[in-house]
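A.B. asks: Just passing along the structure, written as structure tokens.
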Amino acid sequence: MSSKKSDGFTSEEKAAMKARAKELKAEARANQKREEGEKDLLEKVAEMPEPDRSMAQRIHALVSEHAPDLWPKTWYGMPAYAKDGKVVCFFQSAAKFNARYATLGFNDTANLDDGNMWPTTFALKGLTASEEARIVALVKQAVGNE
């Protein structure tokens with residue numbers, strides 16, 4: 001048994017809890033008004049360094065155009081898109097976890113099923129017309145608009 005005494009939460013853990021509490025309040029507003037969720041999402045995108053910011057802006061435009069039923073919001077500090085209050089897909093900046101690439105992820109509410117195994121997270125280092133077309137197809141499939 002360790003005799004090391006815990007002093008409670010670290011400053012990073014406290015900051016994360018405060019940020020999540022603030023986000024939950026914003027989420028409640030976003031569930032009431034689409035514009036609130038979009039405002040919060042765009043604020044998070046504006047904080048991102050390049051090239052993540054440009055990719056997140058483009059993904060937002062693609063999702064907004066091709067899956068207008070999805071509501072923009074933030075989810076654990078990331079831009080996300082929800083249907084009936086449940087997150088379908090999200091964008092994670094590479095800078096968020098000091099990763100070498102950003103990711104576009106889909107939750108289990110997305111209709112991406114393909115047999116017994118299918119990808120749900122995609123690495124992004126940049127966006128060309130080819131990646132944009134693939135994102136549009138995935139988002140449409142995720143919400144059942146394929």
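The values are calculated or read from the model by the stated rules, or taken from the named source; none is laboratory data. Quantities reported herein were computed from a predicted structural model and do not represent experimental measurements. Methodologically, a virtual Cβ is constructed for each residue, glycine included, from the backbone with ideal geometry; neighbour enumeration extends over all protein chains shown.
A.B. asks: For the subset of the stretch 26-49 comprising residues that are under 17 Å from the mean Cα position of the chain (by Cα) and at pLDDT below 80, which member is surrounded by the fewest Cβ atoms within 10 Å (Cβ to Cβ)?
C.D. replies: Among those that are under 17 Å from the mean Cα position of the chain (by Cα) and at pLDDT below 80, it is 28.
A.B. asks: With the requirement that a residue be free of Cβ contacts under 8 Å to residues at least 40 places away in the same chain, of a type in the set (A, V, I, L, M) and not in a helix (DSSP H, G or I), what does the stretch 19-78 give you?
C.D. replies: Residue satisfying the conditions is 78 alone.
A.B. asks: Looking at residue 90, is it surrounded by 13 or more Cβ atoms within 10 Å (Cβ to Cβ), within 29 Å of residue 125 (Cβ to Cβ) and either modelled with pLDDT under 95 or not polar (S, T, N, Q) (or both)?
C.D. replies: Answer is yes for this residue.
A.B. asks: In the stretch 50-66, which residues are under 21 Å from residue 140 (Cα atoms), surrounded by fewer than 22 Cβ atoms within 10 Å (Cβ to Cβ) and in contact with a helix residue (DSSP H, G or I) (Cβ under 9 Å, 6 or more places away or on another chain)?
C.D. replies: 57, 58, 60, 62, 64, 65, 66
A.B. asks: So, residue 132, is that one surrounded by 12 or more Cβ atoms within 10 Å (Cβ to Cβ) and under 20 Å from residue 20 (Cβ atoms) or not?
C.D. replies: Values: surrounded by 12 or more Cβ atoms within 10 Å (Cβ to Cβ): yes; under 20 Å from residue 20 (Cβ atoms): no.
Here the answer is no, as residue 132 does not meet what is asked.
A.B. asks: Of all residues in the stretch 129-146, count the ones that are free of Cβ contacts under 8 Å to residues at least 60 places away in the same chain and part of a helix (DSSP H, G or I).
C.D. replies: The number of residues fulfilling the criteria is 8.
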